[in-house]
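For reference, the structure is listed below as structure tokens.
The values are calculated or read from the model by the stated rules, or taken from the named source; none is laboratory data. Keep in mind that what you see is a predicted model, and the values were worked out from it rather than measured. Virtual Cβ from ideal backbone geometry, glycine too; neighbours counted across all protein chains shown. The area values use the complete protein model at the heavy-atom level, side chains included, leaving out ligands, DNA and RNA. Shrake-Rupley method; radii C 1.70, N 1.55, O 1.52, S 1.80 Å.
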Amino acid sequence: MISVRIIFLKLMTQKSFQKLSEKEFLPLYKKRQNLELAWSALEAPDVKIEYRSIIPILKEEQVQSIISRLSPVLDNGNLTIAYKDPETKRASEWYLSVEKIAEMLNVQKISDDKYGFGLNKDKVISYLQSTIKPKVDVAARDAKFKVDEAGKVVEFQGSRSGVEIDIAETYKILNEAILQRTMHNEGITKIAQLAFKVSEPNVATGEANDFGISEVLGVGLSDFKGSPKNRIKNIKNALVKLNGVLIKPDEEFSAIKYTKPFTKEGGYLPELVIKGDEIKPEIGGGLCQIGTTLFRMAMNSGMLITQRRNHSLVVNYYNDLTNGLPGTDATFYDPAPDFKFKNDTGKYILIQTYLDEVNSQLVFTLWGTSDGRHGSYEAPKVKTWIDYGPTKYIETTKLPGGKTKCQHAYRGAEAQFKYNRQLPDGQIEETIFESYYRPLPEICLVGVEAKTENCFTPEGAPTETCAVPVLET
């Protein structure tokens with residue numbers, strides 16, 4: 001009887017009560033008090049042990065029936081979660097790695113006699129809420145529109161629909177993708193689309209202005225990751241000048257027109273630019289990031305490109321975001337070359353610029369009224385890579401004797417891509433943009449002592465013995 005009392009006393013500890021409801025707790029607590037009173041009086045009351053049977057939902061034989069499918073479930077690799085913002089059309093992806101899938105796996109009942117490997121609901125929901133929801137959810141936004149006397153939009157907020165991830169539906173999609181790996185080997189889902197809900201704003205963009213500007217026509221992106229401070233300051237200065245620019249119907253937009261003057265008074269700082277065989281500081285360096293982003297924005301909006309030139313060298317800042325290859329860049333430099341496109345929509349269009357410091361990206365958005373046109377461009381292809389050759393050494397007296405200063409080599413390339421423009425009448429225009437990027441070897445300046453003997457003729461003119469090749473730093 002003593003052993004029964006001890007066992008029951010252990011069951012009646014406060015810790016065991018923590019998971020009980022108040023209705024369940026009170027009767028047990030009273031029993032415990034009665035027992036303690038009896039034991040304190042050296043009485044030995046009878047104790048009735050109550051129990052209940054818990055039947056397992058999952059049995060060993062049911063797991064054994066699908067255990068052979070565990071390897072195919074994991075061998076099919078990562079599961080990509082894809083999402084495209086319905087407003088900006090900006091695409092995002094997240095990856096459930098094999099390790100993450102294994103961590104989330106559980107066995108689920110599919111039907112009366114079928115079981116499969118799925119994903120633990122609580123773990124998936126926790127992942128979606130912590131990792132994806134903060135990057136997807138956007139509140140609905142009402143429009144604002146104000147134009148100054150110069151005709152520039154000084155206050156603009158385009159209306160946009162609110163977006164909220166549909167957690168429950170997304171879990172179903174992901175879980176089904178993994179369950180299917182238990183069922184078969186063919187037709188496995190590798191990319192699952194994120195489910196989301198949309199809410200509308202109270203004031204639409206078209207209701208806030210008289211220019212017919214009501215929707216996003218296209219967006220251009222570029223990556224400036226790794227840019228030095230002066231380069232970023234120059235980019236920000238140009239963004240301020242471009243943001244709010246209204247382009248009239250049939251107007252030809254010019255990148256130079258809207259971002260000059262390229263002076264300190266115009267807000268620009270010295271930064272590296274390509275000058276012949278040199279990469280050297282110049283006021284306004286780095287603005288080709290602007291030209292490249294404008295080019296991509298204009299193409300994604302279906303605009304008529306009237307002037308574009310690629311850079312002379314392959315520079316990582318301007319490589320295409322889809323495959324990292326050169327070809328979809330555009331340069332401009334006062335007075336030429338320029339980047340230009342024509343507003344042939346018949347209505348006003350508006351440029352909005354944004355610098356995403358978190359992702360080190362420029363985001364340019366062209367607003368207007370859709371006339372049914374569509375624009376897109378294919379990822380660039382490199383037809384030929386061109387070797388940069390051996391290092392080139394140049395002596396200079398601008399460095400101390402024996403000191404060497406080098407600028408790195410640039411591999412050349414011949415690249416091309418196709419720009420597709422579908423007009424309102426359904427006609428399709430295809431433009432092939434070809435780019436040649438010249439190779440540039442590594443160039444090293446080698447410091448030498450200045451020569452002093454026989455430097456001048458009797459008439460005072462410099463002699464050839466003093467002529468030292470110099471590459472400016």
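At a glance:
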item: Cβ-defined net charge surrounding Ile66, 13 Å radius [Lys, Arg +1; Asp, Glu -1]; result: +2
item: Neighbourhood charge, 12 Å Cβ-Cβ cut-off, centred on Pro335 and excluding it, Lys, Arg +1 and Asp, Glu -1; result: 0
item: Subset of Lys133/Lys225; Lys89/Lys236; Lys135/Lys190; Lys133/Lys229; Lys197/Lys257 violating a 30 Å alpha-carbon distance limit; result: Lys133/Lys229; Lys197/Lys257
item: Fraction of accessible area attributable to carbon and sulfur, the chain (%, probe 1.4 Å); result: 51 percent
item: Net charge of neighbours whose Cβ lies under 11 Å from the Cβ of Arg421, counting Lys and Arg as +1 and Asp and Glu as -1; result: -1
item: Beta bridge orientation in the chain: antiparallel %, DSSP, nearest 5; result: 90 percent
item: The stretch 260-419 - percent relative contact order, Cα under 8 Å, separation 6 or more; result: 21 percent
item: Cross-link partners of Lys100 among aspartates and glutamates (Cα-Cα below 18 Å; sequence separation of 8 or more within a chain); result: Asp75, Asp122, Glu176
item: Residue-normalised accessible area of the chain, given per residue in Å² at a 1.4 Å probe; result: 57 Å²
item: Per-peptide average of other Cβ atoms within 10 Å, ordering 430-437, 210-217 highest first; result: 210-217, 430-437
item: Cα-based Lys pair tally, the stretch 331-427, threshold under 17 Å, eight or more apart or on separate chains; result: 4
